[in-house]
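The values are calculated or read from the model by the stated rules, or taken from the named source; none is laboratory data. This structure is a prediction, so every number in the text was calculated from the model and none was measured. All Cβ positions, even for glycine, are placed from backbone atoms using ideal geometry, and neighbour counts span all protein chains on display. We work out accessible area using only protein heavy atoms, side chains counted, and drop any ligands, DNA or RNA first. Shrake-Rupley method; radii C 1.70, N 1.55, O 1.52, S 1.80 Å.
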Amino acid sequence: MLYSQVSPEPTQPATPPPDKSRYTLFNPTPRELRRDFNTDRPNQATSPLTVDAGVFQIETDLVNYSRQNSDEGGNTNEKFLFVSNTLRVGLTNSTELRLLLQPYNLARTRFRDTRRVEESSGIDTLQSGLKINISGNDTYKKPGDKAFGLLPFINFPTSQNNLGSNSIEGGLAFLSAFKLSDTLDIEAQLELDVLKNASGEGYHAESLNIVSLDYQINDKLGTYFEVAGRFGNESRFGGVVTLDTGLLVSVGKDLQLDAGINVGITRAADNINPFIGISKRF
């Protein structure tokens, strides 16, 4: 995430945030009262801050590639995601509706024994969620500030050709952010998911734990360093753990470009996952 807030001068008393509780999707927040532009990409951790009421924001994976050199059968798996979009819509000053749309994905498996290559493509899972900011939305600006939020979500079985689950799934994420300095933030996310078993019978619980250190290099550039781990998954290799990093470039007040890479450090994780993306606020 790119946080571009400017701390008040030390000699000036803190100005209380304006009351924006009256603004809604149908009574949008005036532009001059909007919070600074921040995104939920490119790192995996989700910010507890929401978009302002009546604001539309789209965050897009232009190209996302992942590769696992050896799955449980010793096969190589690759996946390409093209123009995967997260649409964020401000419903109130502290609540946003989120839709994850994955219109075209391509999966490729290279079988070790036969050297046969199998491909499938199509639409992936649709996810709908509601991010609720508990605190910090309009006060997360200076060192020592903190923010908290919740994100319940549901996955709908819209995928084609076994690209994703064919069952309804869901989860709940607990979101937090802590401002360590004017240029350094730390985000933490604990997520509990209920997912369909690979056998097709019954469900199981998985946890996703993420810690991300975000650094603001200057007014235009930011970076992050992150550790993400998923546990309770069904792989016989155990949990999925990745080390992630990337670069964010701010272009004006409402546009961000980014690129990043996630590197797997456990056998169950994808070996490599590079991507590039763009985010725009309207």
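Entry remark, the range 115-137: residues being in contact with a strand residue (DSSP E or B) (Cβ under 8 Å, 6 or more places away or on another chain), at positive phi and not in a strand (DSSP E or B) number 1 in total. Checking the structure you have, find out if any residue of the range 138-145 is part of a strand (DSSP E or B) and open to solvent by 20 Å² or more (accessible area, probe 1.4 Å). The answer is no, given that none of the residues of the range 138-145 is part of a strand (DSSP E or B) and open to solvent by 20 Å² or more (accessible area, probe 1.4 Å).
Taken over the range 80-95, residues that are of a type in the set (S, T, N, Q) and within 19 Å of ASP124 (Cα to Cα) amount to 3. Whether a residue is out of contact with any Gly (no Cβ under 9 Å at 6 or more places or on another chain) and over 26 Å from LEU126 (Cα atoms) was assessed, and SER212 does not pass this test.
With respect to the conditions (1) of a type in the set (A, V, I, L, M); (2) surrounded by fewer than 17 Cβ atoms within 10 Å (Cβ to Cβ); (3) closer than 25 Å to PHE178 by Cα, ALA205 falls short on a single one, namely (3). VAL211 satisfies every condition listed in (1) buried (at least 19 other Cβ atoms within 10 Å of the Cβ); (2) in contact (Cβ under 8 Å) with a residue 40 or more places away in the chain except (1).
Residues in the range 146-162 that are part of a loop (DSSP other than H, G, I, E, B) and either charged (D, E, K, R) or surrounded by fewer than 15 Cβ atoms within 10 Å (Cβ to Cβ) (or both): PRO157, GLN160, ASN161, ASN162. Yes or no: the range 71-80 includes at least one residue that is farther than 27 Å from PRO274 by Cα, surrounded by 16 or more Cβ atoms within 10 Å (Cβ to Cβ) and either modelled with pLDDT under 95 or among the polar types (S, T, N, Q) (or both). No; the residues of the range 71-80 include none that is farther than 27 Å from PRO274 by Cα, surrounded by 16 or more Cβ atoms within 10 Å (Cβ to Cβ) and either modelled with pLDDT under 95 or among the polar types (S, T, N, Q) (or both). If you filter the range 12-46 down to residues that are among the hydroxyl-bearing types (Ser, Thr, Tyr) and touching a strand residue (DSSP E or B) at 6+ places or on another chain (Cβ under 6 Å), you find that the one that is most open to solvent (accessible area, probe 1.4 Å) is THR24.
Look through the range 44-70, keep the residues that are among the small types (Gly, Ala, Ser) and at negative phi, and return whichever of them is modelled with the lowest pLDDT. My answer is SER70. Considering ASP219, ASP258, which residue is within 24 Å of ARG34 (Cα to Cα), surrounded by fewer than 16 Cβ atoms within 10 Å (Cβ to Cβ) and of a type outside the set (Lys, Arg)? Result of the check over ASP219, ASP258: ASP219. Close contacts from the range 270-282, counting a first residue that is touching a residue at least 60 places away in the same chain (Cβ under 8 Å) and of a type in the set (D, E, K, R) and a second that is part of a strand (DSSP E or B) and open to solvent by 60 Å² or more (accessible area, probe 1.4 Å), with Cβ to Cβ under 7 Å and a gap of 6+ residues or different chains, come to ASP270/ARG67.
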